[in-house]
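Report on the following structure.
The values are calculated or read from the model by the stated rules, or taken from the named source; none is laboratory data. Keep in mind that what you see is a predicted model, and the values were worked out from it rather than measured. All Cβ positions, even for glycine, are placed from backbone atoms using ideal geometry, and neighbour counts span all protein chains on display.
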Amino acid sequence: MKLGINGLGRIGKLSLWHHVGRKHFSEIVVNLGRQVGRGLADIAAAIERDSSYGRLSNYLHGYRGGRVIEELNEDAGTMTVNGVPVKILRESRNPAEIAWKGNGVRLVVDTTGVFNDPTADADAPRGALRGHLAAGAEKVVLSAPFKIKAKGMEMPADAVTTVMGINEDDYDPARHMLISAASCTTTCLSYMIKPLLDHLGADNILSASMVTVHAATGSQQVLDRLPRAGATDLRKNRSIMNNIILTTTGAAKALALVIPEMKKIGFIAESVRIPTSTGSLIVLVLNIQDDPDNPIKRDRINAIYREYAASSPYLDYTEDQNVSSDIIGTPAAAAIIEGTETHTRTANIRVNLAKTKGISCTSDDGGPAVLDVPVTQAVIYGWYDNELGSYTNMLAERTVTIAEKMV
């Protein structure tokens with residue numbers, strides 16, 4: 001089977017790296033939709049070198065790696081990368097106009113970050129995710145969360161969001177044509193939450209919050225510049241090289257699609273961008289209703305993660321003292337739990353029942369009734385390589401499992 005990749009940005013390029021190493025697909029067709037540099041040789045140079053991960057040859061073969069991009073044919077737009085035929089398309093940016101059918105591509109991964117609305121019509125003037133289907137693809141994997149722009153629109157029946165190892169069985173090959181692989185943050189977060197839900201139960205988690213300390217992305221500015229007309233977030237136009245920048249994340253909304261139990265739990269998700277090129281961290285805070293006879297301590301939480309990591313290929317647990325560069329390139333690890341930094345604190349939370357909805361009662365002395373509830377607050381740290389090591393590998397796992405079920 002041939003694989004189509006739409007876009008050669010951070011995730012598109014690193015997906016190409018992964019698949020030419022894995023060699024599951026017989027050929028890869030990459031759509032750029034525009035001319036690049038002086039031709040195919042400049043595209044090959046961009047594929048070969050990466051400022052965050054070094055050279056493709058070293059990624060594939062270590063320090064002995066030699067030349068891996070060969071047989072460039074400018075007229076045909078073809079090359080071989082690690083022995084895998086790769087064709088570059090440079091004509092159409094609109095998904096509906098990409099020559100997938102003519103090139104025998106049935107499965108496409110869209111990594112552009114532009115076409116995220118599963119409800120948009122295939123013939124939308126500026127293009128749409130469904131355009132890939134109109135152009136001949138049978139399945140489309142999106143390397144981002146779905147974003148429905150029109151208010152009141154429901155998720156289409158042929159679209160689904162999955163994270164490998166969490167809810168990949170929600171994908172129905174007979175029904176689903178559009179498959180979102182969520183985001184790097186949602187993928188990491190799901191592996192931090194799921195083990196605790198399985199062991200403690202959703203009913204015992206009173207609330208949750210998270211902050212992702214996230215590396216820079218391509219949407220941010222290297223130097224300050226004026227915002228576009230109508231822009232509401234002026235921070236996006238400030239230099240990522242010089243600032244810590246507050247921003248937003250859709251991880252909470254996407255997480256509920258992947259782990260429905262989270263709909264019962266009050267959850268807040270925030271994001272901070274920092275001046276690093278990759279390697280990110282989630283700080284997860286949970287308030288857990290405790291059992292006075294069996295209080296939750298850090299050793300118990302770490303034991304849950306150690307047990308889960310022993311059976312999951314996508315979760316790592318470490319008691320090393322890491323910094324962000326230590327986890328760059330860690331293969332197929334959706335999350336790496338930093339066990340030395342797990343912290344818990346248990347205390348009785350005093351609840352004034354007179355202020356609770358639907359309850360009106362007083363104490364024996366006529367004052368408001370007060371209930372003491374034992375609650376443990378847990379703080380857990382999870383690393384993730386938001387580009388190659390974590391997300392791209394997880395996206396590729398999802399892509400391959402979809403391909404294997406296509407007749």
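Brief remarks on what is shown
- Residues of the range 169-181 classified as small (Gly, Ala, Ser) and either modelled with pLDDT under 95 or in a strand (DSSP E or B) (or both), total: 1
- Every condition in (1) touching a residue at least 12 places away in the same chain (Cβ under 8 Å); (2) surrounded by fewer than 22 Cβ atoms within 10 Å (Cβ to Cβ); (3) basic (Lys, Arg) holds for residue 151 except the one numbered (1).
To keep it simple, each residue is scored yes or no on (1) in a strand (DSSP E or B); (2) of a type outside the set (Gly, Ala, Ser); (3) over 24 Å from residue 181 (Cα atoms).
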| position | (1), (2), (3) |
| --- | --- |
| 252 | no, no, no |
| 267 | yes, yes, no |
| 271 | yes, no, no |
| 283 | yes, yes, no |
| 308 | no, yes, no |
| 321 | no, yes, yes |
| 330 | no, yes, no |
| 348 | yes, yes, yes |
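- Screening the range 214-231 for residues that are out of contact with any Lys or Arg (no Cβ under 8 Å at 6 or more places or on another chain) and surrounded by 10 or more Cβ atoms within 10 Å (Cβ to Cβ) and picking the one that is nearest to residue 276 (Cα to Cα) gives 222.
- Selection count where residues are in contact with a Ser or Thr (Cβ under 7 Å, 6 or more places away or on another chain) and part of a strand (DSSP E or B), scope the range 138-158: 2
- Test: residue 107 is surrounded by 15 or more Cβ atoms within 10 Å (Cβ to Cβ) and in contact with a Ser or Thr (Cβ under 6 Å, 6 or more places away or on another chain): no
- Residue in the range 40-82 that is nearest to residue 325 (Cα to Cα), counting only those that are among the small types (Gly, Ala, Ser) and touching a residue at least 12 places away in the same chain (Cβ under 8 Å): 52
- Residue pairs meeting the criteria (Cβ under 9 Å; at least 6 apart or on separate chains; first under 30 Å from residue 171 (Cα atoms) and outside the structural domain of residue 116 (by TED's automatic domain parsing), in the range 230-258; second surrounded by fewer than 17 Cβ atoms within 10 Å (Cβ to Cβ) and basic (Lys, Arg)): 250/147; 256/263
- Flag for residue 274 being among the β-branched types (Val, Ile, Thr) and in contact with a helix residue (DSSP H, G or I) (Cβ under 8 Å, 6 or more places away or on another chain): no
- Strands (runs of 3 or more DSSP E) enclosed by the range 1-96 - at least 3 residues per element that are out of contact with any Pro (no Cβ under 7 Å at 6 or more places or on another chain), surrounded by 13 or more Cβ atoms within 10 Å (Cβ to Cβ) and at pLDDT 95 or above: 2-6, 27-31, 78-81, 84-89
- The range 171-200 residues that are without any contact (Cβ under 8 Å) to a residue 60 or more places away in the chain, paired with ones that are assigned to a helix (DSSP H, G or I) and surrounded by fewer than 24 Cβ atoms within 10 Å (Cβ to Cβ) (beta carbon under 7 Å, 6 or more apart): 177/133
- Test: residue in the range 211-219 that is of a type outside the set (Ser, Thr, Tyr), in contact with a Leu (Cβ under 8 Å, 6 or more places away or on another chain) and in a loop (DSSP other than H, G, I, E, B): no
- Scanning the range 27-67 for residues being under 17 Å from residue 91 (Cα atoms) and among the basic types (Lys, Arg) gives a total of 2.
- All positions within the range 243-261 that are at pLDDT below 95 and farther than 30 Å from residue 194 by Cβ: none
- Unique match (being among the hydroxyl-bearing types (Ser, Thr, Tyr) and within 25 Å of residue 56 (Cα to Cα)) among 305, 314: 314
- Hits in the range 174-206 (condition: charged (D, E, K, R) and either assigned by TED's automatic domain parsing to the domain that holds residue 306 or in contact with a strand residue (DSSP E or B) (Cβ under 6 Å, 6 or more places away or on another chain) (or both)): 194, 198, 203
- Verdict on residue 10 being of a type outside the set (Gly, Ala, Ser), in the same structural domain as residue 107 (by TED's automatic domain parsing) and more than 20 Å from the chain's Cα centre (by Cα): no
- Residues of the range 293-316 satisfying the condition of being among the acidic types (Asp, Glu) and within 20 Å of the chain's Cα centre (by Cα): 316
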